């Protein structure tokens, strides 16, 4: 007598086949999404670098930091004007949520809620997803002696970086409600400038060695952090939003991805504008 339907073994084989095909498809989709995010990030970094180059061309001078003097001549204010943001209408946190300064793949925005009652946003102008090289923009560098194709201008990084800290009053942590009505501990992360390699903020900086004609980090062994959790993020260095590498723009406007395995001497030598090191980030 002929029986209709599948045997148990046939059903198991069919289920296994579908599972394998689904896993392969999901892996492919995930890779496509990661590639799309990386391309979008590279385009953002490129647009920031080209904006700086255009500002320099329009004024005949390299823009400079000046944030501590509260002047409209600063690099970041010039960039806001370039991207057509109305500076007069901005909130006290200035540009921490402006699209040009936010990397959608930056996990720190979701990790640290955006509720001003939970975190201090009042003076966090530098808590943005991109940072500029303080060794160039902290002082007036109209000539990049090392060559524009050998010197890092700007880079991705985490906007909000540092340990999750409970603020205690008398007994236990203080809690408050977030924008969704959930009770969460009050938190505080490190406020930073919109720059990296800035000694004022205790950043790691390159230290030049005349004997080897290379630069090393002021803290041995550190370069950047590949995709760390925001609460173990080190605000003294840069962070990449993926494990594949750090997306940076050079002073000539070109974009590179620095691998996590980069030698510290190559990495830190690429940050200095005038020490004469020879570097290859490719």
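Please specify each residue of region 240-272 satisfying the condition of being assigned to a loop (DSSP other than H, G, I, E, B) and surrounded by fewer than 22 Cβ atoms within 10 Å (Cβ to Cβ). Let's see the steps before the verdict.
Keep residues of region 240-272 that are assigned to a loop (DSSP other than H, G, I, E, B), which gives 241-245, 251-254, 259-263, 270-272.
If the condition is that a residue be assigned to a loop (DSSP other than H, G, I, E, B) and surrounded by fewer than 22 Cβ atoms within 10 Å (Cβ to Cβ), then 242, 243, 244, 245, 252, 253, 254, 259, 260, 261, 262, 263 are the ones that fit.
Residue 236: farther than 30 Å from residue 74 by Cα and modelled with pLDDT of 90 or more, yes or no?
Values: farther than 30 Å from residue 74 by Cα: no; modelled with pLDDT of 90 or more: yes.
When the stated conditions are applied, residue 236 does not pass them.
Run residue 57 past the list (1) loosely packed, with under 11 Cβ neighbours inside 10 Å; (2) within 28 Å of residue 162 (Cβ to Cβ); (3) modelled with pLDDT of 80 or more and report the number of the one that doesn't hold.
For residue 57, the failing item is (2).
Restricting attention to region 117-132, which residues are modelled with pLDDT of 50 or more and more than 18 Å from residue 231 (Cβ to Cβ)?
Initial filter on region 117-132 (modelled with pLDDT of 50 or more): 124-132.
Answer for region 117-132, where residues must be modelled with pLDDT of 50 or more and more than 18 Å from residue 231 (Cβ to Cβ): 125, 126, 128, 130, 131, 132.
Tally time: how many residues in region 216-238 are outside any loop (DSSP other than H, G, I, E, B), more than 17 Å from the chain's Cα centre (by Cα) and closer than 21 Å to residue 156 by Cβ?
Just the residues of region 216-238 that are outside any loop (DSSP other than H, G, I, E, B), to begin with: 216-217, 224-226, 230-232, 238.
Filter again for more than 17 Å from the chain's Cα centre (by Cα), leaving 216-217.
Adding the requirement that they be closer than 21 Å to residue 156 by Cβ leaves 217.
Number of matching residues: 1.
Being within 14 Å of residue 272 (Cβ to Cβ), in contact (Cβ under 8 Å) with a residue 60 or more places away in the chain and surrounded by fewer than 18 Cβ atoms within 10 Å (Cβ to Cβ) is the filter here, so list the residues in region 204-229 that pass it.
Selection gives 207, 208, 213.
Would you be able to say whether some residue in region 105-114 is more than 27 Å from residue 260 (Cβ to Cβ), surrounded by fewer than 21 Cβ atoms within 10 Å (Cβ to Cβ) and modelled with pLDDT of 85 or more? Break it down into steps so the answer makes sense when it comes.
The first filter runs over region 105-114 and keeps only residues more than 27 Å from residue 260 (Cβ to Cβ), leaving 113-114.
Now restrict to residues that are surrounded by fewer than 21 Cβ atoms within 10 Å (Cβ to Cβ): 113-114.
Right, trim to modelled with pLDDT of 85 or more and you get none.
For region 105-114, residues more than 27 Å from residue 260 (Cβ to Cβ), surrounded by fewer than 21 Cβ atoms within 10 Å (Cβ to Cβ) and modelled with pLDDT of 85 or more: absent.
Residues that are at pLDDT below 85 and within 22 Å of residue 256 (Cα to Cα): does region 13-32 have at least one? Steps first, answer last, please.
First, pick out the residues of region 13-32 that are at pLDDT below 85: 13-32.
Within this subset, residues satisfying the condition of being within 22 Å of residue 256 (Cα to Cα) are 31-32.
The answer is yes; a qualifying residue exists.
The values are calculated or read from the model by the stated rules, or taken from the named source; none is laboratory data. What you are looking at is a predicted structure, and each value in this text was computed from that prediction instead of being measured. FYI the Cβ positions are ideal-geometry reconstructions off the backbone, even for glycines, and counts take in every protein chain you see.
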